[in-house]
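Q: Questions regarding the structure given below will be posed in turn.
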Amino acid sequence: MPVIRGTIAIAVASLGFAALAQQAGDGGHPAPTLAAATPSTLPPQVDESALRYFASQGDTRRVEAEIARLRALYPNWSPPTDLSQLPAGPITIKDPEVDRLWALYGENKIAEIRAAITERQASDPQWKPPADLLTALDTAEARRRLINASDNAQWRTVLSVATEAPSLLTCTNVDVLWRVAEAFAKTNQQNRTRDAYTYLLTNCTNSAERLGTLQKALTLLPEQQVTDLLRFERKGGSDPDDFSSIRDDLARRRVERASTDNKLTASADDLAVVERLAEGTSEPGNVILLGYYAYHHKNSEKALALFKTALDRDGGAKAAEGYALSLRDLNRFVEAEAFAYEWRDKAPENLKVYLDVATALLSQDPPPRLDPQVVARVVPVVTQQRFVDGAQALGWYSYNTGQFRTAREWFQRALSWKADDEPSAYGAALASQRLNDRVGFNAIVTQWRSRSQRIADVADGINRGRTPPPAQPSTLPSAAMTPAAPAPVVPPRTAYASSQATEPRVIYEERLPRADLGAPPAQPASRSGARRNCAVTRNPSSLSADAALTLGWCLMELNRPLEAVTAFDRAIKGGSDQTREEAAYGKTLAYLRKDLTAEAALAAAESPQTAQRRTELDATILAQRALAAFREGRYVEVILALGERSRIVPEQTDLMVIRGWSYYKLGRYDDAEKIFLAVQRTGYSDDANVGLNAVREAVRPSRQY
Amino acid sequence: MIKRPTGIPRLLSCLAVAGLVIAFCTLADARRTTWSATVNPLKIAGTISSVDWNAYRSRFIDESGRVIDNANGNISHSEGQGYGLLLAFAAGDRPTFEKIWTFTRTELLIRDDGLAAWKWDPSAKPRVSDRNNASDGDILIAYALAKAGAAWKDARYTAAAQKIAKAIGKNNFGRSAGTMFLLPATKGFGTEDRPDGPVVNLSYWVFEAIPVLAALAPEYDWNGVWKNGLSLLQQATTGRARLPADWLSIRTRLQTQPAEGFAPEFGYNSLRIPLYLLRAGVTDLEWLRTLNQRWSVNNEGVAVINVVTGQVRDKLTDQGYAALSATLVCALDGQPIPGAFKMFEPKLYYPSTLYLLSMSLIAEKYPQCL
């Protein structure tokens, strides 16, 4: 270090590095001044003090040992050529004790040297250790303290040690320079960090350390500052730099940032870099990155393929998450659910994706026909995770497939997990209403009426009959929270696995044949457009007939059939023939939706309908009659209504099940068995089996034990 | 001996009437609560024989100046480094003092606030395995440096002592309800850090060091810390067992309680309190007589004792622990040190340290007991 110290301060300013010599920002501690290095053409600076000492003593053996040691430490170092001309300093007398101290120094035994110096001074108060040795000791201790402080994130100590021992800050101690640079960064002095790296890249020659410097910079500096440092890349010379990996990394970071932010676009060049990186290896990371980029930039097909590649490369949970997300984005819900299910336990994100995908699967409009196994495996996950959205989705799925009791249970379960969840309360209210559960319905309304306009609306519809609710703005964005409108029925399966295996509880649920409820073929465009506009309750009497008709359909979509009746009434009063016919049709459907079968029958008569619609309405009315009779235990009437209905339309499987249970209840086990066998042949084996078992149980009473 | 929380649930130790008793005791002892009333400060230098010191040094101190706690996985800690410095000073071993100081400075004194990281583990990476400080370690280091700096006229030591003394005052002095106390560490024991904070450890009051450090950092209220340390001690010894728990919650100032999460024990920490008091010249605390009764007259010996039930958990038989009771009975009753104690047989770091500190005190203040 003595070699270096002389030349220091000059180069500092010329490197634009003077800032480092000024006061540091925190607490007025002086910042370390980086010692200027020798010009970059010189070899790395090596602590030659011990070597020079031994040479000055003519101790050839120790000189050779020290040269060997330094060569091992610094492969690029070559010993100074002027050693033979020593002693250069003041004439010193051969002192074996000092020899021993330098030897200890070579072994890094600092504490022992300190002790020995003290010991020598105790016996010889006049003796003073060589200044070079003291400097070397101070520097070695400073380095150790600085490294210890840095290892323990004591950044201000790092900076104060560096300030007190500027001789440490040379290209010999690149590690120390890195630690000082980091301490600057960790004390919010990033410009000083950059200055330290600039200093290092300007002065220090080892290409591995130069590349390491940029790698450090990547972790501590903003990308622009790292990019600025790239200009120090040395193209020529015996030991040229290759900073291309840094450039790649910068490109990769830009893509990474854009990969989760669809408002950011990565350049083609950057994407090409990442693609190249992805191709050159079997490591999945960059493929996953590209996958997310594609996923968030509206290219889920590509994303899917990339995630597939990543999975093939053992990309693990992150790749699986992306794969499931892409499938969902492509509306391939069934596959997405099945895939995500397998990965749900791998990471919290995978579980979240699974729940989202399952929710999306259940929330489709129209409700899909699902493999019972799928629903059965969603249920425990949703339950275990207390996933409110999932419970709601199961609720709407049950609701939209006519399983109102199950729907109500799910909504109530969702409410038990999140008591203030209005959509769940709304669902519970509608399901209770469909079940004619006045007590339960009133309980929900009492609790929610002040908080939810749409629940209040539902309640008012019931309480006031045909009186429209007062016109007032809705307090909730109802449309956004509205369940999927009743849709063409898919004969439902048991969505909520029943524990009562022998009791055919699903049968007690209304399974309405509702292909014809609420989604008439006419005017799809106007209705879908109006959907958003009818969330706010309006008085239809002020509307034109056509507008009232549109409003009626819109309210049907929002599942507010009694309000829809009022709107259809307005349309019937003033409209053209076609409007009247349409409105009467809508009104009939609205009553059917409310299980007001008698009113529906009347409404159907208000305006002549086409033969097709007439058949459709009659079939629906008869089905509802049958269901109402079934609910009330009037099984003969069920058989009659269904018989009448089967003369105009083919009987649907779920109604066949109802007919089967009616026979069963009437003790007509042979008829019941025939019906259930027929149902079984159509593929509804679960429902049919329950019925068949019940019949067989009745015919052959349980074994006596 | 550093004792960490053990998770043993706290038991209620205070009688409802304790507050009244405390107030009375505090008043009665008020005249003794400043160091100006104490006898001459210890000189320390030259009070440990080279034979004893070499036995200790060769067993517990390595060539790098690391004091090794061989009962705790051969770790080192700031307390051990402080004791090592103090004993080296007492033995007049400047080279070893320099070694220990070199290790302490480069390995432990790395905290941004100027205090020492308390725990150093040779098998950990980084070796400092807990960056928190321990204020007794800092006090011992600063105290030894101050004594050595003055005796050996070495300004480096004095300057370092002063820096640490100021850092202790700045970072580890607390004040609650107008009284000063010493936090055991910078993190984890304050009012905000735990529901029953502040929590203190009365054995961290190295009383003899307080006047010395006060001279180096007079801007901090060392006198208040001294006073309140004695006051807390008197208060904590009014329970049925008449012993303080190692870790005390002082959240309710007039009714201190064993701290949550620590065994409610008069244990390895607190058993050095009488030694510290005697070394500081505080010999007339009534509690010392009570403890002496327990240790020597009743023949119970030094032990880890549950302060709530008064039950003995662990009798401590190492020579170093026995030296504590021998020192106490010597100081109070002039009883000679039994011959068997005079032969130093170091086994474990902590009791061996207590042994040398005891013998050093006896050599300087009570030579008649030898």
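Q: Test of understanding: among B:Ile100, B:Ile61, B:Ile44, B:Ile68, which residue is of a type in the set (Val, Ile, Thr), on the phi > 0 side of the Ramachandran plot and within 22 Å of the chain's Cα centre (by Cα)?
A: B:Ile44 is the lone residue from the list that is of a type in the set (Val, Ile, Thr), on the phi > 0 side of the Ramachandran plot and within 22 Å of the chain's Cα centre (by Cα).
Q: Can I ask one more? Which is modelled with pLDDT of 75 or more and either part of a loop (DSSP other than H, G, I, E, B) or charged (D, E, K, R) (or both), of A:Arg511, A:Arg580?
A: Within the list A:Arg511, A:Arg580, the selection yields A:Arg580.
Q: Continuing with the same structure: Just to be sure before I move on: is B:Gln368 part of a loop (DSSP other than H, G, I, E, B) and more than 21 Å from B:Asp246 (Cα to Cα) in the structure I sent?
A: It is false that B:Gln368 is part of a loop (DSSP other than H, G, I, E, B) and more than 21 Å from B:Asp246 (Cα to Cα).
Q: Based on this model, can you work out whether B:Asn298 counts as surrounded by fewer than 22 Cβ atoms within 10 Å (Cβ to Cβ) and on the phi < 0 side of the Ramachandran plot?
A: When the stated conditions are applied, B:Asn298 passes them.
Residue-wise test of (1) in contact with a Ser or Thr (Cβ under 7 Å, 6 or more places away or on another chain); (2) at pLDDT 90 or above.
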| site | (1), (2) |
| --- | --- |
| A:Lys298 | no, no |
| A:Glu301 | no, yes |
| A:Phe307 | yes, yes |
| A:Asp314 | no, yes |
| A:Lys318 | no, yes |
| A:Gly322 | no, yes |
| A:Arg328 | no, yes |
| A:Arg332 | no, yes |
| A:Glu337 | no, yes |
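Q: Is it the case, given these coordinates, that B:Thr106 is without any contact (Cβ under 8 Å) to a residue 24 or more places away in the chain and in contact with a helix residue (DSSP H, G or I) (Cβ under 7 Å, 6 or more places away or on another chain)?
A: Yes: the conditions hold for B:Thr106.
Q: Kindly provide the set of residues from segment B:118-161 that are surrounded by fewer than 19 Cβ atoms within 10 Å (Cβ to Cβ) and closer than 12 Å to B:Leu216 by Cα, ordered by number.
A: Across segment B:118-161, the qualifying residues are B:Ala150, B:Thr158, B:Ala159.
Q: If the Cβ limit is 6 Å and pairs must be 6+ apart or interchain, which residue in segment B:285-311 that is farther than 13 Å from B:Tyr321 by Cβ pairs with which residue that is hydroxyl-bearing (Ser, Thr, Tyr)?
A: Here the result reads B:Trp287/B:Thr237; B:Val307/B:Ser13; B:Val308/B:Ser13, each pair linking segment B:285-311 to a residue that is hydroxyl-bearing (Ser, Thr, Tyr).
Q: Is it fair to say A:Gly316 is crowded, with 16+ Cβ neighbours inside 10 Å, on the phi > 0 side of the Ramachandran plot and out of contact with any Phe, Trp or Tyr (no Cβ under 6 Å at 6 or more places or on another chain)?
A: The answer is yes for A:Gly316.
Q: If you check A:Leu159 against the conditions, is it within 20 Å of A:Gln189 (Cα to Cα), touching a helix residue (DSSP H, G or I) at 6+ places or on another chain (Cβ under 9 Å), more than 14 Å from chain B (Cβ to nearest Cβ) and buried (at least 23 other Cβ atoms within 10 Å of the Cβ)?
A: No; evaluated as a whole, the condition is false for this residue.
Q: Can you find even one residue in segment A:85-95 that is within 11 Å of another protein chain (Cβ to nearest Cβ) and at pLDDT below 95?
A: Taking every residue of segment A:85-95 in turn, none turns out to be within 11 Å of another protein chain (Cβ to nearest Cβ) and at pLDDT below 95.
A quick yes/no check of all residues on (1) assigned to a helix (DSSP H, G or I); (2) at pLDDT 95 or above; (3) farther than 19 Å from B:Lys365 by Cβ:
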position	(1), (2), (3)
B:Asp284	no, no, no
B:Leu291	yes, no, no
B:Asn299	no, no, yes
B:Ile305	no, no, yes
B:Arg313	no, no, yes
B:Pro336	no, no, no
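Q: Please determine whether any residue of segment A:172-182 is more than 14 Å from chain B (Cβ to nearest Cβ) and small (Gly, Ala, Ser).
A: yes
Q: If you don't mind, another one. Which ranges mark the helices (runs of 4 or more DSSP H) fully within segment A:201-302 that have 3 or more residues being farther than 30 Å from A:Pro75 by Cα and either without any contact (Cβ under 8 Å) to a residue 40 or more places away in the chain or of a type in the set (Val, Ile, Thr) (or both)?
A: Of the helices (runs of 4 or more DSSP H) lying wholly inside segment A:201-302, those with at least 3 residues that are farther than 30 Å from A:Pro75 by Cα and either without any contact (Cβ under 8 Å) to a residue 40 or more places away in the chain or of a type in the set (Val, Ile, Thr) (or both) span A:223-229, A:244-259, A:268-279, A:285-296.
Q: Pick from segment A:107-135 the residues that are assigned to a helix (DSSP H, G or I) and farther than 15 Å from B:Pro95 by Cβ: which of them is farthest from the other protein chains (Cβ to nearest Cβ)?
A: Only one residue tops the list, namely A:Asp132.
Q: In segment B:78-91, is there at least one residue being buried (at least 24 other Cβ atoms within 10 Å of the Cβ) and facing chain A (nearest Cβ under 9 Å)?
A: no
Q: Further, regarding this structure: Yes or no: B:Tyr157 within 12 Å of another protein chain (Cβ to nearest Cβ) and touching a residue at least 24 places away in the same chain (Cβ under 8 Å)?
A: For B:Tyr157, the condition - within 12 Å of another protein chain (Cβ to nearest Cβ) and touching a residue at least 24 places away in the same chain (Cβ under 8 Å) - is met.
Q: Would you be able to tell me the number of residues in segment A:334-377 that are over 15 Å from A:Tyr397 (Cβ atoms) and of a type in the set (Gly, Ala, Ser)?
A: The total comes to 4.
Q: For segment A:632-643, which residues satisfy the criterion of being part of a helix (DSSP H, G or I) and loosely packed, with under 15 Cβ neighbours inside 10 Å?
A: Within segment A:632-643, A:Val636, A:Gly643 qualify.
Q: While we're here: Which count do you get for residues in segment B:103-124 that are more than 8 Å from chain A (Cβ to nearest Cβ) and among the charged types (D, E, K, R)?
A: 3
Q: Can I ask one more? At pLDDT 90 or above and within 25 Å of A:Ala414 (Cβ to Cβ): is that true of A:Glu349 in this structure?
A: Against the criterion (at pLDDT 90 or above and within 25 Å of A:Ala414 (Cβ to Cβ)), A:Glu349 qualifies.
The values are calculated or read from the model by the stated rules, or taken from the named source; none is laboratory data. Note that the structure is predicted; figures quoted are calculated from it, not measured. Ideal geometry is used to build each Cβ from the backbone, glycine not excepted, and the neighbour counts take in all protein chains shown.
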